[in-house]
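Peer 1: The structure follows.
The values are calculated or read from the model by the stated rules, or taken from the named source; none is laboratory data. In this text, all values refer to a predicted model and were calculated from it rather than measured experimentally. Here Cβ is always computed from backbone atoms with ideal geometry, including for glycine, and neighbour counts include all displayed protein chains.
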Amino acid sequence: MNEVVTSLTAAARQLEAPDSAVLKLAPEDCLEFEAGARLGGLSIAYQTYGELNAAKSNAILVCHALTGDQHVANVHPVTGKPGWWQILVGPGKPVDTDRFFVICANVLGGCMGSTGPASINPETGEPWGLDFPLVTIRDMVSAQARLVDHLGIDTLFAVIGGSMGGMQVLQWAASYPERVFAAVPIATAARHSSQNIAFHEVGRQAVMADPEWCGGRYLTKGCRPTKGLAVARMAAHITYLSDPALHRKFGRNLQDREQFTFGFDADFQIESYLRHQGMSFVDRFDANSYLYLTRAMDYFDLAAEADGKLANVFMGTKSRFCVVSFTSDWLFPTEENRKIVHALNASGARVSFVEVESDKGHDAFLLNEPVMFDAISGFLDGAWRVRSGA
Amino acid sequence: MTDLVHASPRHPTPEFPDRIDLQLVAEMIEPGARVLDIGCGDGQLLLLLETTRGVDGRGIELSQAGVNECVAKGLAVVQGDADHDLVDYPANAFDYVVLSQTLQATYDPRGVLEHLLRIGRRAVVSFPNFAYWRLRWQILFRGRMPVSSHLPCTWYETPNIHFCTIRDFVALVDEIGATVVRSVTLDGSGNRLPANLPLPLRNTLGEQAVFLLERGQKGKG
């Protein structure tokens, strides 16, 4: 119980005083939200690793996924676990912090120090809740661009991310082609599919059906929709895995018992695992943030900016791309990633594409996948040789 | 079954160990051109073209290992194969499309050839000549499907499902209305046969051939 209280306090602390650097935009420095709102004084919490070189040419922006955050390669201040991409980012790793200056910012709408629905609305002195304007992937990228400006970086050497992070990578390449030397969208899509919107809707309804959600005003009322958010996380977590991966890990094994209880206790290991995933998630994530970020992904349709022609979005781009997908990913299947590749080809962009054989589902992009590591490090090495004129 | 092209010659397989055709292909490509290399293997040709002729190159390769090797060399290569993925490329996207020693391993060589000349202004195609006299000899006197150092696979394991002769190829080029701009035939030692040699002789003495094709507009080329 004490542990829970500690992590809750740590999670709450991230909102106002995160364990990260924070760029605080001036009140008059407004960000135009796609939804129409204009907000000044936004906070962008971020982590950096490695050193920015004198030419400021070695910066890599990592974009995090739906429930990720800026803690890519350091111990997480709330969970105490290693960074979510520590396997990929670090000294001597494929994204080598001995050579590159790596930046990762908590997305706009998040709950780890960047402004989001759990932040205080300066006009009311209370948490924004649902009064916070709807955030889109483009808004997240606009906010990141402010951070990149602030760091004095003109062109990013690379922008890398998986899933929702991959959407941001694509948006970066579309919105700021001249600022992106290389782009690595992983296990992602140029638009969110109907099936994925459906899964998100299930998750949001679970949150909103929780009486503790209180119409989104739970922070003001001193309650938390933990049950709803946990169910949302459980449902979502299934979509990140694959049937073979689940079967390999859990099979039909029973949890700490020899036989069925003939009740609705977590008899199976998979049930126990999912419940644990759900409960530990609510300790570190804000329910409204979850609504906002899932919505941002739903609204994402890059081709809509160009009359449905994705190729036109990238026409004339000088950026080089490396698209990566995984065979068992049914959330962002290879087909969706190939559409990106086809569009890039059609636009004449320099694009590479690797489909990694893996049975670990969508989550594979976060795991030990040597083929992905080789592709990314090879791509970055090749791009760096061109960038640095070596 | 899609890994037929996978066994394309630039893989470290015993098939087609000598790659003199790479040099020949490179010679047929104008410096600075936009080039798509289909079945680019580990990227030897693309690298050769990018470093010596300053081309803007792209590749398609089926094997993951091949793609990764290419990507690590800084080449822009996409995982895919000639039979399935050419349809997704827009017309006129490239100046040259290269298909080295792969045509005979595709399901639909005619369709592939047509795609090459839709996507590219010109196509460079190299292939083994099944009418090479040593192969004829093996069928005629041994009554067995030919196996040679150049084509080391037996009939039941070869990825080459659509062998053709130089004359067959020329006939197909004519049928799809394309034009031969240049062609080079190599003998069993990899030496060029004289360009003025009559077709029947090249078809007998040539072990492999490289063709530079162009879209056939009547009265052009």
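Peer 1: Just to be sure before I move on: is A:F353 touching a helix residue (DSSP H, G or I) at 6+ places or on another chain (Cβ under 7 Å), of a type in the set (F, W, Y) and either at pLDDT 95 or above or in the same structural domain as A:F132 (by TED's automatic domain parsing) (or both) in the structure I sent?
Peer 2: Against the criterion (touching a helix residue (DSSP H, G or I) at 6+ places or on another chain (Cβ under 7 Å), of a type in the set (F, W, Y) and either at pLDDT 95 or above or in the same structural domain as A:F132 (by TED's automatic domain parsing) (or both)), A:F353 qualifies.
Peer 1: Considering only segment B:120-162, state which residues are in contact (Cβ under 8 Å) with a residue 12 or more places away in the chain and aromatic (F, W, Y).
Peer 2: The answer is B:F127, B:F130, B:Y132, B:W133.
Peer 1: Right, another one. Take the conditions in contact with a helix residue (DSSP H, G or I) (Cβ under 8 Å, 6 or more places away or on another chain) and either more than 9 Å from every other protein chain (Cβ to nearest Cβ) or aliphatic (A, V, I, L, M) (or both) and apply them to A:A364. Does it pass?
Peer 2: Yes; evaluated as a whole, the condition is true for this residue.
Peer 1: Closer than 23 Å to A:G152 by Cα and assigned by TED's automatic domain parsing to the domain that holds A:Y176: which single residue out of A:G36, A:G40 fits that description?
Peer 2: When all the criteria are applied, what remains is A:G40.
Peer 1: Then there's this: Taking into account only those residues within segment B:63-86 that are facing chain A (nearest Cβ under 7 Å) and not in a loop (DSSP other than H, G, I, E, B), which is farthest from B:P109 (Cα to Cα)?
Peer 2: For segment B:63-86, the residue satisfying everything is B:A72.
Peer 1: If you don't mind, another one. If the requirement is being buried (at least 24 other Cβ atoms within 10 Å of the Cβ) and away from chain B (no Cβ under 12 Å), which of these qualifies: A:F332, A:F379, A:F353?
Peer 2: A:F332
Peer 1: What are the residue pairs meeting all of these: first residue in segment A:181-209, first residue over 25 Å from A:T327 (Cα atoms), second residue among the hydroxyl-bearing types (S, T, Y) and surrounded by fewer than 23 Cβ atoms within 10 Å (Cβ to Cβ), Cβ atoms under 8 Å, and 6 or more apart or on different chains?
Peer 2: Cβ pairs passing all conditions: A:F181/A:T155.
Peer 1: Okay, moving on. Considering segment A:267-318 alone, what residues qualify as being crowded, with 20+ Cβ neighbours inside 10 Å and small (G, A, S)?
Peer 2: A:G278, A:A287, A:S289, A:A296
Peer 1: Here's a follow-up. Being surrounded by fewer than 24 Cβ atoms within 10 Å (Cβ to Cβ), more than 14 Å from the chain's Cα centre (by Cα) and of a type in the set (A, V, I, L, M, F, W, C) narrows it down to one of B:C164, B:C70, B:C153, so name that one.
Peer 2: When all the criteria are applied, what remains is B:C153.
Peer 1: Still on this model: Regarding A:T327, is this residue β-branched (V, I, T) and within 14 Å of another protein chain (Cβ to nearest Cβ)?
Peer 2: Answer is yes for this residue.
Peer 1: Could you say whether any residue in segment A:287-303 is away from chain B (no Cβ under 14 Å) and outside any helix (DSSP H, G or I)?
Peer 2: The answer is yes; a qualifying residue exists.
Peer 1: I've got another one for you. Does any residue of segment B:87-102 turn out to be buried (at least 18 other Cβ atoms within 10 Å of the Cβ), in a helix (DSSP H, G or I) and either facing chain A (nearest Cβ under 10 Å) or touching a helix residue (DSSP H, G or I) at 6+ places or on another chain (Cβ under 6 Å) (or both)?
Peer 2: Within segment B:87-102 (the criterion being buried (at least 18 other Cβ atoms within 10 Å of the Cβ), in a helix (DSSP H, G or I) and either facing chain A (nearest Cβ under 10 Å) or touching a helix residue (DSSP H, G or I) at 6+ places or on another chain (Cβ under 6 Å) (or both)), the answer is no, since none of the residues qualifies.
Peer 1: Being surrounded by 22 or more Cβ atoms within 10 Å (Cβ to Cβ) and among the small types (G, A, S) is the filter; apply it to segment A:68-82 and report the residue that is farthest from A:E16 (Cα to Cα).
Peer 2: A:A73
Peer 1: Do we find a residue being within 18 Å of A:M167 (Cβ to Cβ) and in contact with a helix residue (DSSP H, G or I) (Cβ under 9 Å, 6 or more places away or on another chain) anywhere in segment A:213-233?
Peer 2: Looking through segment A:213-233, none of the residues is within 18 Å of A:M167 (Cβ to Cβ) and in contact with a helix residue (DSSP H, G or I) (Cβ under 9 Å, 6 or more places away or on another chain).
Peer 1: Could you list, in sequence order, the residues of segment A:321-335 that are over 14 Å from A:L366 (Cα atoms), among the polar types (S, T, N, Q) and not in a loop (DSSP other than H, G, I, E, B)?
Peer 2: A:T334
Peer 1: Which of the residues spanning segment A:367-376 are in contact with a Ser or Thr (Cβ under 9 Å, 6 or more places away or on another chain) and more than 10 Å from every other protein chain (Cβ to nearest Cβ)?
Peer 2: Residues satisfying the conditions are A:L367, A:E369.
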